[in-house]
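Notes for the one structure printed next.
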Amino acid sequence: MKTYEQINDRIASGKAVVLTADEIMDYVDKKGLEAAAKEVDIVTTATFGPMCSSGCFLNFGHSKPRIRMSEAWIADVLVYTGLAAVDVYLGCTELRHGDPANMYPPGEFRYGGGHVIEDLVAGKTLQLFALSYGTDCYPLREIRTYFTIDDLNQAIMVNPRNCYQNYNVAINRSDRTIYTYMGRLDPHQKNGNYCSAGQLSPLLNDPYYETIGVGTRVWLAGAHGHVYAEGTQHAGGVGRTPDGVPTGGSGTLALTGDMKQMRKEFVRGVSFSGYGVSLALGIGIPIPILNEEVLRRTCVRDRDILAPVVDYGSDYPQNTGNVICHVNYEQLRTGQIQVHDETVEVGSLSSYYKALEVANLLADEIRRGEFLLAAPITPLRRDTKMKPLVKREPPR
Amino acid sequence: MNDDTVTKKLMFYFPRCECDKPIVYHLVKDHHLIVNIYRAKVTPEEEGYLVLDVTGTEQAIQGAIDFVKTFNVTVNYSGKGVALDEERCSHCGYCIPYCPPGALKISDCATRKVAYNESECIECLACIRICPFGACTSAF
């Protein structure tokens with residue numbers, strides 16, 4: 001048994017033993033669970049993938065004369081101004097003004113909020129254009145100026161939902177090609193896409209949320225951020241394997257971090273043909289090896305993780321809840337899965353390569369004593385289910 | 001076909017279009033090359049691009065290139081009609097099932113790094129529309 005304080009003392013003295021979730025299984029197989037639990041202090045987990053529920057709060061400071069922005073655009077991407085005078089919220093799925101979207105399908109969606117966030121972190125100069133109705137205290141009615149992230153007082157990323165614990169494998173059994181947030185899906189289940197770092201993914205290594213909770217310090221694209229709440233659509237009360245691995249989408253995390261500390265290679269705007277824009281982020285979460293059970297759960301392998309195969313040609317858009325079958329991540333990693341005796345070629349939207357890079361970068365920071373753990377202040381709920389949106393008649 | 005024949009993927013860039021001249025005909029007829037054209041384009045600015053495989057002896061291919069160069073052509077020997085920007089690529093592997101010849105594939109099962117073998121690329125351009133990160137680009 002170890003405590004957070006003991007592990008942090010070992011980190012601070014540069015003596016912490018850190019392995020990645022990619023390395024720990026073989027290590028435990030070699031050393032045995034009991035010996036490894038005594039020896040290993042931390043297992044680093046990570047993920048790198050698109051997460052549409054991402055955005056940031058920015059504060060511009062005040063112009064002379066002052067303005068209370070009532071409408072604003074950064075690089076022609078609309079930002080939300082229903083906040084204090086020069087605070088705005090930029091969402092990663094917002095399209096650039098004038099983007100034809102899917103008017104001539106499939107649209108290209110070349111630039112949007114996710115790309116603005118990438119450009120901000122990369123230090124590029126961007127245009128701010130803002131309008132106002134004018135007030136006695138904020139008389140300026142219009143401003144057009146150019147800025148970089150260094151000019152901002154704050155640039156705080158918020159991900160109301162990230163690190164989805166397991167996710168669908170999307171296929172398309174309809175007669176036409178469809179364009180989805182899970183990529184292009186060709187008809188008659190010609191191909192499929194999945195999106196998880198599998199055995200490296202944070203919540204798949206801590207399936208019962210024993211160490212990851214509200215307050216946990218995380219590595220968010222290079223910044224030291226934290227979990228600020230359970231993620232939106234968090235549903236801990238789902239079906240699980242005997243080892244606790246959820247067999248579908250379940251837990252999620254809400255993350256925040258300072259964009260000024262982020263690294264551009266882990267903050268990437270993405271464009272999905274026929275669907276829209278989003279943001280891909282690199283996230284690393286350390287799991288303190290408090291006891292043997294925590295260690296045992298970090299030894300999850302791709303073959304232990306079952307993902308539901310869902311028809312995005314019908315069942316997903318109609319929200320029927322049907323699952324065609326389950327496949328494991330070892331099968332997905334081969335690039336082919338079997339769905340009702342038919343071979344389906346599959347690709348990944350989540351980058352294992354980048355996730356591995358993050359897991360190693362975080363492990364190195366911990367070994368150097370630069371990243372201390374924070375114990376959760378509130379655990380994530382394990383009994384919640386996803387509620388649907390019900391279409392009701394107006395109340396009498 | 002002789003044992004000393006080789007196949008090379010080439011890209012020709014014509015700064016000024018030479019559409020009125022049957023260049024490929026001469027490659028076949030005068031230089032005895034087997035030609036497989038992947039992609040050809042004349043831009044509105046009247047530049048010309050041609051990506052092709054040529055099969056023949058080293059000597060015949062060199063002779064053909066010397067002939068083509070008389071048209072003020074730039075020859076790209078690596079056949080990079082389609083390029084992968086290593087900095088933009090996130091190595092997710094989303095592109096792989098959409099690449100018909102398998103020019104994009106996982107090069108290392110442990111790290112799942114994506115590699116692009118341009119000599120296997122048939123220039124279908126599927127990857128360019130597919131890549132969410134804009135990592136694949138066409139020279140024309």
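Annotation for region A:321-329: at least one member residue is within 14 Å of chain B (Cβ to nearest Cβ), closer than 25 Å to B:Cys92 by Cα and either open to solvent by less than 100 Å² (accessible area, probe 1.4 Å) or not aromatic (Phe, Trp, Tyr) (or both).
Quick one: would you say A:Val238 is β-branched (Val, Ile, Thr), farther than 29 Å from A:Ala363 by Cβ and either more than 14 Å from chain B (Cβ to nearest Cβ) or open to solvent by 20 Å² or more (accessible area, probe 1.4 Å) (or both)? The answer is yes for A:Val238. Would a scan of region A:281-298 turn up a residue that is among the polar types (S, T, N, Q), more than 14 Å from chain B (Cβ to nearest Cβ) and not in a helix (DSSP H, G or I)? Yes; the residues of region A:281-298 include at least one that is among the polar types (S, T, N, Q), more than 14 Å from chain B (Cβ to nearest Cβ) and not in a helix (DSSP H, G or I). When region B:81-123 is filtered for residues that are within 8 Å of chain A (Cβ to nearest Cβ) and buried (at least 19 other Cβ atoms within 10 Å of the Cβ), the ones remaining, listed by number, are B:Ser90, B:His91, B:Cys92, B:Gly93, B:Tyr94, B:Cys95, B:Ile96, B:Pro97, B:Tyr98, B:Ile106, B:Arg112, B:Val114. Contact annotation: residue pairs with Cβ atoms under 8 Å, 6 or more positions apart or on different chains, pairing a residue in region A:95-116 that is within 21 Å of A:Met259 (Cβ to Cβ) and among the β-branched types (Val, Ile, Thr) with a partner that is surrounded by 11 or more Cβ atoms within 10 Å (Cβ to Cβ) and modelled with pLDDT of 95 or more, are A:Val116/A:Ile74; A:Val116/A:Ala75; A:Val116/A:Val77; A:Val116/A:Leu90; A:Val116/A:Leu126; A:Val116/A:Gly269. Checking each residue in region A:300-314 for being over 24 Å from B:His91 (Cα atoms) and buried (at least 20 other Cβ atoms within 10 Å of the Cβ) picks out A:Val310, A:Asp311, A:Tyr312, A:Gly313. In region A:180-205, the qualifying residues are those that are in a strand (DSSP E or B), open to solvent by less than 10 Å² (accessible area, probe 1.4 Å) and of a type outside the set (Gly, Ala, Ser), and the one that is nearest to A:Glu342 (Cα to Cα) is A:Asn191. Would region A:270-277 turn up any residue that is outside any loop (DSSP other than H, G, I, E, B) and in contact with a Leu (Cβ under 6 Å, 6 or more places away or on another chain)? Scanning region A:270-277 turns up no residue that is outside any loop (DSSP other than H, G, I, E, B) and in contact with a Leu (Cβ under 6 Å, 6 or more places away or on another chain). Residues in region A:135-179 that are free of Cβ contacts under 8 Å to residues at least 60 places away in the same chain, part of a loop (DSSP other than H, G, I, E, B) and over 25 Å from A:Gly313 (Cα atoms): 2 in all.
Checking each residue in region B:124-140 for being surrounded by fewer than 21 Cβ atoms within 10 Å (Cβ to Cβ) and either more than 8 Å from chain A (Cβ to nearest Cβ) or assigned to a loop (DSSP other than H, G, I, E, B) (or both) picks out B:Cys124, B:Leu125, B:Ala126, B:Ile128, B:Gly134, B:Thr137, B:Ser138, B:Ala139, B:Phe140.
The values are calculated or read from the model by the stated rules, or taken from the named source; none is laboratory data. If you're wondering where the values come from, they're calculated on a predicted model, not measured in any experiment. Using ideal geometry, Cβ is built from the backbone for each residue, glycine included, and neighbour counts are taken over all protein chains shown. Surface accessibility is based on the protein's heavy atoms, side chains included, excluding ligands, DNA and RNA. Shrake-Rupley method; radii C 1.70, N 1.55, O 1.52, S 1.80 Å.
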